[in-house]
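Visitor: Submitted below is the structure of interest, expressed as structure tokens.
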Amino acid sequence: MIVRTLQAAEQTDRRVVGPTWESTRLLLKADGMGFSFHITTIHAGTETPMEYRNHLEAVYCIEGEGEVESLDEGRVYLITPGTLYALDQHDKHILRAKTEIKFACVFNPALQ
């Protein structure tokens, strides 16, 4: 059994910081689950272009407000607490945070 707290993981190298976001990786490939699980914060007022060529991702909004633009579809979707979006086609997208947004994210295959 694996038991971790977000607070403890944030004090380790499992916390990764980018220019517009930070992500604490609670489960990684080395944990042997076949997927990884992250709590990610996107900073308010930022715009983050993304594309995962080697991973599928499901993203669940815990708190905050923003939008995700699918560059392949040309559509913009509102993101609020309780919204899930899944990048099931390695979708190119832009995430825009109106307020600070907190997400729970699952990657398959797992990130290292």
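Visitor: Using a Gaussian network for the chain with springs between C-alpha atoms less than 10 Å apart, which of these wobbles most: 95, 28, 78?
Guide: Result: 78 has the largest fluctuation of those listed.
Visitor: Where the accessible area of region 8-112 is counted over protein heavy atoms with a 1.4 Å probe, how much of it, in %, is carbon and sulfur?
Guide: Using a 1.4 Å probe with all protein chains present, region 8-112 comes out at 51 percent carbon and sulfur.
Visitor: Please give the calculated 222 nm ellipticity per residue for the chain, where each DSSP H segment of at least 4 residues contributes -39500 (n - 2.57) and the sum is spread over every residue; nearest 500 deg cm²/dmol?
Guide: So the helix-based figure for the chain works out to -500 deg cm²/dmol.
Visitor: Related question: Provide the per-residue ³J(HN,Hα) series for region 77-89, in order, calculated from phi with Karplus coefficients 6.51, -1.76, 1.60 and θ = phi - 60°, each as a whole number of Hz, with x at glycine and proline positions.
Guide: Running phi through 6.51 cos²θ - 1.76 cosθ + 1.60 with θ = phi - 60° gives 10, 5, 10, 9, x, x, 8, 10, 10, 10, 8, 8, 10 Hz.
Visitor: Along the positive direction of the dipole of the chain (beta-carbon charges: Lys, Arg +1; Asp, Glu -1; about the Cα centre), which of 48, 66, 33 reaches farthest?
Guide: 33
Visitor: HN-Hα J couplings of region 59-66 from phi, Karplus 6.51/-1.76/1.60, θ = phi - 60°, integer Hz, Gly and Pro as x?
Guide: Values, residue by residue: 10, 10, 7, 8, 7, x, 9, x Hz.
Visitor: Please work out the average accessible area per residue across region 45-110, using the 1.4 Å probe convention, and give it in Å².
Guide: Per residue, region 45-110 has 56 Å² of solvent-accessible surface.
The values are calculated or read from the model by the stated rules, or taken from the named source; none is laboratory data. Owing to the predicted nature of the structure, the values given are computational and were not obtained by experimental measurement. Because the Cβ atoms are built from the backbone with ideal geometry, glycine has one as well, and the counts that use them run over all protein chains shown. Accessible surface areas use protein heavy atoms only, side chains included; no ligands, DNA or RNA. Shrake-Rupley method; radii C 1.70, N 1.55, O 1.52, S 1.80 Å.
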